[in-house]
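Presented below is the structure to which this report refers.
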Amino acid sequence: MAKQEKYARLCKEKMVEEIISRINEHPNFVITSHMGSSTSELEGLRKSLKKSASNYLVVKNSILKVVFDKIKISDEVSKIDGGMGLSFSGQDILATCKALATFAGTHDKFKIKGAIVDGKSITPEKVKVLASLPPKEVLLAQIFAGMKSPITGFVNVLSGSLRKFVYVVDAVRKSKESSGAPAEAPAEVKA
């Protein structure tokens, strides 16, 4: 009997180490409750998360409490109840949040409990806000367009002034040609 207890303890320690190593590899993750969701539904979620280089792991509550204590996010322990899961984000946390929010919207029993993003705890409401944001590439394009806009406006103002000057000089030349006077070279201005 003692040998079985040692084996069970060893298995739990290995699970804790595995989850901690995944958290170290992917520090942004979402905490969910999947109680009442079927295995096939969770497999569908895993497939949709795979598109964003994320993955989903079902975790035993006692193991999750130990993990949260070891990585010093004890505030999240209060969220642990029922069947729990962690979704480890790939490069884009927004895509992960979007996939989870979509799944939670179509599956009433699946709940988003919160998230850890850049070491900070995020509420479920903020996870849904993250899910509603456009993809990372679109946000970067909008920022770039916003930075480029004042420069483009400045260039247009300068070119407009230059264009008006050219039109004035051309009009003066045409008026002198039409009056019959030969066009003179502009006099140099001495400073």
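FYI, it's all coordinate maths here, none of it is from the lab. Just so you know, these numbers come straight off a predicted model, no measurement behind them. Every residue, glycine among them, receives a Cβ derived from its backbone with ideal geometry; neighbour counts consider all protein chains shown.
Other residues with beta-carbon under 11 Å from the beta-carbon of Ile112 carry, at +1 per Lys or Arg and -1 per Asp or Glu, a net charge of +4.
Dividing the mean sequence gap of close Cα pairs (under 8 Å, 6+ apart) by how many residues the chain holds gives a relative contact order of 23 percent. Counting only the Cα atoms, the chain fills a convex hull of 219 Å³ per residue. Rounded to the nearest whole Hz, the Karplus-based 3J(HN,Hα) values (6.51 cos²θ - 1.76 cosθ + 1.60, θ = phi - 60°) of segment 56-61 follow the sequence 10, 10, 7, 10, 5, 4, with x at glycine and proline.
Across segment 134-181, Cα-Cα pairs more than 15 Å apart make up 66 percent of the total. Quick check: the angle from helix 136-179's long axis to the longest principal axis of the chain, C-alpha only, nearest 10 degrees? In the chain, helix 136-179 runs at an angle near 0 degrees to the longest axis.
Expressed in Å, the radius of gyration and Dmax of the Cα atoms of segment 1-78 are 14.4, 45.
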